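Read through the structure below, which is laid out as structure tokens, and then see the notes.
The values are calculated or read from the model by the stated rules, or taken from the named source; none is laboratory data. This is a predicted model, so every value here is computed, not measured. Neighbour counts run over all protein chains shown; Cβ positions are idealised from the backbone, glycine included. Note: accessible area is taken over every heavy atom of the protein model, side chains too, but ligands, DNA and RNA are not part of it. Shrake-Rupley method; radii C 1.70, N 1.55, O 1.52, S 1.80 Å.
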Amino acid sequence: MKKILDLHDRQILKIISNPIIGCIQFLISQGAEKVLEINVTGVRKIVQENIDCLSLFFDAGGGLDTGYIEETADNKKLFLSGIIDWNHEKYINVNWSFLIEADDIMLMYLQKSEEEINKLMDQEKIDF
């Protein structure tokens, strides 16, 4: 079963990963005072297309275009994709995507103030 995510013109605010235990957390803006949190546990495989170079991914500025979650008999898949089409001097409409296969993928919609969302975007490091 495939669930389409409303990600057109959304932005990745933060990605946190822990390769030791195989988990990834995405925080994605969902408009005014709303954040989508995607928690991926038990990562089995990551397939990427057109983001072989980290600079390309960073030039995308976290901008998303499409995404879905698909549940199969033995795992779940998260597909996220975006397009770089704003910097015509450097790129000619580059479509990038990645597909993550994992044991579990959970979605949570969070209410956050505009100030809290801006802090997520501006924060360079996690402070302990």
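Residue-level check: of (1) surrounded by 19 or more Cβ atoms within 10 Å (Cβ to Cβ); (2) modelled with pLDDT of 90 or more, residue 96 misses just (2). Taken together, the criteria place residue 60 among residues that are modelled with pLDDT under 85 and open to solvent by less than 40 Å² (accessible area, probe 1.4 Å). Cβ-Cβ distances below 6 Å connect the following pairs, each with a first residue in region 68-96 that is over 15 Å from residue 51 (Cβ atoms), a second residue that is of a type in the set (Gly, Ala, Ser) and modelled with pLDDT of 70 or more, and a separation of six or more residues or different chains: 76/102. Report whether or not residue 66 is among the hydroxyl-bearing types (Ser, Thr, Tyr) and modelled with pLDDT of 95 or more. When the stated conditions are applied, residue 66 does not pass them. Of the residues making up region 1-37, those that are part of a strand (DSSP E or B), closer than 14 Å to residue 68 by Cα and open to solvent by 30 Å² or more (accessible area, probe 1.4 Å) are 2, 3, 4, 10.
Between 13, 27, 107, 80, the distinction of being closer than 24 Å to residue 2 by Cβ, at pLDDT 80 or above and touching a helix residue (DSSP H, G or I) at 6+ places or on another chain (Cβ under 7 Å) belongs to 27 only.
What's the number of the condition residue 73 fails, among (1) over 18 Å from the mean Cα position of the chain (by Cα); (2) at pLDDT below 90? The number of the failed condition is (2). Among the residues that make up region 13-33, is at least one of them over 29 Å from residue 115 (Cβ atoms) and touching an Asp or Glu at 6+ places or on another chain (Cβ under 6 Å)? No, region 13-33 contains no residue that is over 29 Å from residue 115 (Cβ atoms) and touching an Asp or Glu at 6+ places or on another chain (Cβ under 6 Å).
Of all residues in region 19-33, those that are at positive phi have Cβ atoms under 7 Å from Cβ atoms of residues that are surrounded by 15 or more Cβ atoms within 10 Å (Cβ to Cβ) and among the basic types (Lys, Arg), 6 or more apart or on another chain, in 33/112. Scanning region 39-57 for residues that are at pLDDT below 90 and surrounded by 17 or more Cβ atoms within 10 Å (Cβ to Cβ) yields 50, 51, 57.
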